[in-house]
Amino acid sequence: MLPQTSEPIAIVAKQTGDVRIHSFISSFTYGNIANATHIIETKNKLVLVDAQFLVPYARAFRDYADSLGKPIDRLYVSHRHPDHWFGLGVGFSDVTAYALTETMSFIKEHGEDSLSDHWKLGNLVPGRVVVPEQVVSPGDETIDGVRYVFDLVTDTETDFHLTIKLPDLGVYFAQDLVYSGTHLYLSKDMGHWIAVLQEMLLEDYDLFLPGHGLPADKNEVARNIEYLLAARQAIGDGLTGDAFKSFLLQRYPERKCPGIFDIYLPRLFGNASDY
């Protein structure tokens, strides 16, 4: 089913002094997957996290950022899944984009393949690939008076994932480590992902910015752990394909964006391309 676009949601998730954290979330309709992108607004500039997926939302996200009236200093791409970097080619080609070396290499080598793989979406996807040009490595950096902590997390929802923490503000940009109120995009090995989330519960953060859905707290992190445990048990019980999908839909009727099953099931239980 093709995505049916509708109005996105833009909210201020937190404000502390001169710093405001914005979240911009695309539609929760069936075929969309509530992509969440974020802005750290400081006194003099903006830092963005991820670039949206579909053309209308990428343009709307750029319009929202521009409406804040401050220059965009940079944009961080969290990982290689196209719903987080396709938007670079629509609204952010003039912005310096940062990514992990592995993410940058993947987009450079497979970006065109990923565009081709989404041909059914027509003009909802960009017409060109923009590759991030700056490498971000694990460590600390202060940007316009705010301390950032960057980390590389492996083998969770994807193979290489960038997390961004603002320890002095209690804010954790988890992106696709956490799905807030939506069904999760599942990988074949969920054990390490569960362990990462369990460690997250012990950290001193109270606001978690997801890659899909609304800003979250530790309760949603815990619910993600429970979801992953249930999914892993279902696979252990021999459920695959539509039976696996039906199980999770029935167990978690409150979660939105069931269209995500159609995206990942061919990869989870088959050899569909990973673009």
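Since every read-out is calculated from the coordinates, none of them should be taken as a lab result. These figures come from a predicted structure and were not determined experimentally. Neighbour counts are summed over all protein chains in view; Cβ atoms, including those assigned to glycine, are modelled from backbone coordinates with ideal geometry.
Observations, loosely collected:
- Scan of the stretch 105-128 for residues that are part of a loop (DSSP other than H, G, I, E, B) and among the basic types (Lys, Arg), ordered by number: Arg128
- The stretch 176-228 - residue that is touching a strand residue (DSSP E or B) at 6+ places or on another chain (Cβ under 6 Å) and part of a loop (DSSP other than H, G, I, E, B) and, of those, farthest from Arg251 (Cα to Cα): Tyr205
- Residue within the stretch 57-69 that is in contact (Cβ under 8 Å) with a residue 24 or more places away in the chain, under 23 Å from Phe208 (Cβ atoms) and surrounded by fewer than 22 Cβ atoms within 10 Å (Cβ to Cβ) present: yes
- Positions within the stretch 219-264 being surrounded by 13 or more Cβ atoms within 10 Å (Cβ to Cβ), of a type in the set (D, E, K, R) and more than 13 Å from His183 (Cα to Cα), in sequence order: Arg232
- Only listed residue being outside any strand (DSSP E or B), over 18 Å from the mean Cα position of the chain (by Cα) and not acidic (Asp, Glu), chosen from Asn32, Asn44: Asn44
- The stretch 54-104, residues that are small (Gly, Ala, Ser), within 14 Å of the chain's Cα centre (by Cα) and in a helix (DSSP H, G or I): Ala58
- Residues located in the stretch 149-169, provided they are β-branched (Val, Ile, Thr) and not in a strand (DSSP E or B): Thr156, Thr158
- One residue from Ala65, Ala60, Ala34 being in contact with a Cys (Cβ under 8 Å, 6 or more places away or on another chain) and not aromatic (Phe, Trp, Tyr): Ala34
- Residue match in the stretch 207-220 (condition: farther than 24 Å from His84 by Cα and aliphatic (A, V, I, L, M)): no
- The set of residues from the stretch 129-148 being part of a strand (DSSP E or B) and either in contact (Cβ under 8 Å) with a residue 24 or more places away in the chain or surrounded by 15 or more Cβ atoms within 10 Å (Cβ to Cβ) (or both) comprises Gln134, Val135, Ile143, Val146, Tyr148.
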